[in-house]
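Scroll down for the structure; my scribbles are underneath it.
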There are 2 protein chains.
Amino acid sequence: MSSHPVPDVVVDPSVPPAVLEVVGIAAYTELAEFGLLAARSVDAPDLATRQALADGAERALERQHDLVELVVPGGGVAGAALVMGPFEHALVEFDTRTATEDWAEGLLKGVVGHGVAQDLCRTLAAGATGGPARRLREVLDRPAPGPVGAAGADAEALAVLVRLGAADDVLASRLALWGRRVVGESLNLVTSLLDDHPALTDLSEPAARALDADGVVGRDAARHWLVARLTAEHTRRMDRLRLAA
Amino acid sequence: MSSHPVPDVVVDPSVPPAVLEVVGIAAYTELAEFGLLAARSVDAPDLATRQALADGAERALERQHDLVELVVPGGGVAGAALVMGPFEHALVEFDTRTATEDWAEGLLKGVVGHGVAQDLCRTLAAGATGGPARRLREVLDRPAPGPVGAAGADAEALAVLVRLGAADDVLASRLALWGRRVVGESLNLVTSLLDDHPALTDLSEPAARALDADGVVGRDAARHWLVARLTAEHTRRMDRLRLAA
């Protein structure tokens with residue numbers, strides 16, 4: 001088929017390459033979360049859940065627009081495609097290895113994968129300096145708008161999963177196991193992203209310093225610190241879901 | 001599973017029942033269009049199309065929020081569920097009879113079904129009087145925001161379908177045939193909605209008067225006029241798509 005015609009757009013030249021890459025990953029994973037939440041909205045068990053997950057998908061896309069706007073002001077669809085382009089196929093293997101037909105597992109996949117991606121982007125952004133990095137941190141840290149308040153696009157998905165797990169011990173055990181598998185794949189993906197994008201790895205050590213991590217010296221130590229940090233955040237997330245991580 | 005907990009919300013008592021029903025159908029079909037566009041975004045052939053269809057889905061949901069807000073101000077998710085509730089299962093048979101695994105057919109299904117629904121709601125709203133009906137017409141007639149301008153949520157889907165059809169005669173013939181099937185099912189759905197909701201049928205005759213239709217006297221004639229009008233609008237839509245209707 002004919003590809004989508006894309007007008008010329010350019011990235012703001014004041015944005016450092018590493019910051020542009022963090023924006024690309026953040027924008028691409030918000031678009032992925034939009035798709036996951038929308039898909040779980042379509043086959044939601046009741047109308048209110050369907051609406052709430054659609055609203056969550058909308059908030060993910062709004063954040064994605066804000067991210068793209070930071071680096072390609074006014075770029076619209078073409079700007080988004082430009083920023084996300086380097087990561088277009090980054091999620092294919094993750095998606096294949098975490099494919100599921102189960103509604104609750106699909107929802108948890110989004111919460112876990114999107115959560116790891118957000119933590120990764122926030123952490124790496126802490127290691128960058130200058131105006132564009134500061135503005136990026138403002139968007140990443142901004143509470144999402146909408147009725148669920150500060151908890152963002154995933155708030156409703158989290159609430160649904162907590163209700164489901166509380167009502168069904170067998171499901172809760174299965175979801176806990178599934179969460180472990182999804183986070184494993186998410187961390188594998190982070191590792192291969194860092195391998196493929198050295199500019200991102202370069203942010204890890206200054207990020208560790210900016211976030212007051214003790215004794216993190218050198219790139220390798222910083223990478224280990226980063227993965228350990230994402231793992232710890234995941235454990236906290238699963239605790240909030242009342243699913244053992 | 002446990003159902004979504006829904007707080008108490010109430011419909012604005014100044015909204016006539018028939019207007020409330022038009023809002024319900026309009027809101028529900030915008031949510032359905034959100035789901036169809038989002039699903040075609042997820043499996044879009046390239047990143048720009050994926051983004052553009054996601055943006056279209058977002059615009060459909062924004063319009064849905066505006067519609068719900070008209071009749072349950074501040075009602076959020078619970079308000080949306082309340083307004084759409086009477087139509088929750090209205091699309092099940094339509095969806096079953098127009099199920100498709102084909103990407104372009106899925107996109108055209110949304111454009112045709114959503115188009116008929118919008119035409120239905122605009123036409124019926126023309127038959128209602130009073131402040132709530134006037135405000136409803138304002139929302140239904142409002143150009144959707146976003147980069148594609150006045151053409152609304154479906155603009156990108158329309159553009160994609162025009163490109164696909166222009167590049168492939170065999171596909172264009174198949175899509176023309178598919179459009180005929182989808183509009184047939186859409187009009188069957190309209191007929192059964194009018195059967196099930198007499199207040200909607202009651203709007204047809206004043207709508208015909210308001211829209212200067214000649215010689216439309218009585219409920220039956222008004223129903224025939226309404227279906228003929230929707231069919232004519234569909235023909236114009238397929239012409240814009242350069243697919244023979």
Among the candidates B:ALA228, B:ALA157, residue that is in a helix (DSSP H, G or I) and closer than 17 Å to B:TRP103 by Cβ: B:ALA157
For A:VAL116, are the conditions met, namely being within 24 Å of A:ASP46 (Cα to Cα) and touching a residue at least 60 places away in the same chain (Cβ under 8 Å)? no
Would you point out the residue of region B:43-92, among those that are among the small types (Gly, Ala, Ser) and part of a loop (DSSP other than H, G, I, E, B), that is farthest from the other protein chains (Cβ to nearest Cβ)? B:ALA90
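Run down B:VAL11, B:VAL42 and say which single residue is within 30 Å of B:ARG134 (Cα to Cα) and over 18 Å from the mean Cα position of the chain (by Cα).
Numbers: B:VAL42 fails: within 30 Å of B:ARG134 (Cα to Cα).
Every option except B:VAL11 fails the conditions.
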What's the total number of residues in region A:42-58 that are surrounded by fewer than 24 Cβ atoms within 10 Å (Cβ to Cβ), within 17 Å of B:VAL77 (Cβ to Cβ) and out of contact with any His (no Cβ under 9 Å at 6 or more places or on another chain)? 1
Conditions first: (1) over 20 Å from B:GLN118 (Cα atoms); (2) not in a loop (DSSP other than H, G, I, E, B). B:PRO13 passes all but one, so which condition is the exception? (2)
Hits in region A:93-113 (condition: acidic (Asp, Glu) and either modelled with pLDDT of 95 or more or not in a helix (DSSP H, G or I) (or both)): A:GLU101, A:ASP102, A:GLU105
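The values are calculated or read from the model by the stated rules, or taken from the named source; none is laboratory data. Keep in mind that what you see is a predicted model, and the values were worked out from it rather than measured. Every residue, glycine as well, gets a Cβ built from its backbone with ideal geometry; the counts of neighbours run over all protein chains shown.
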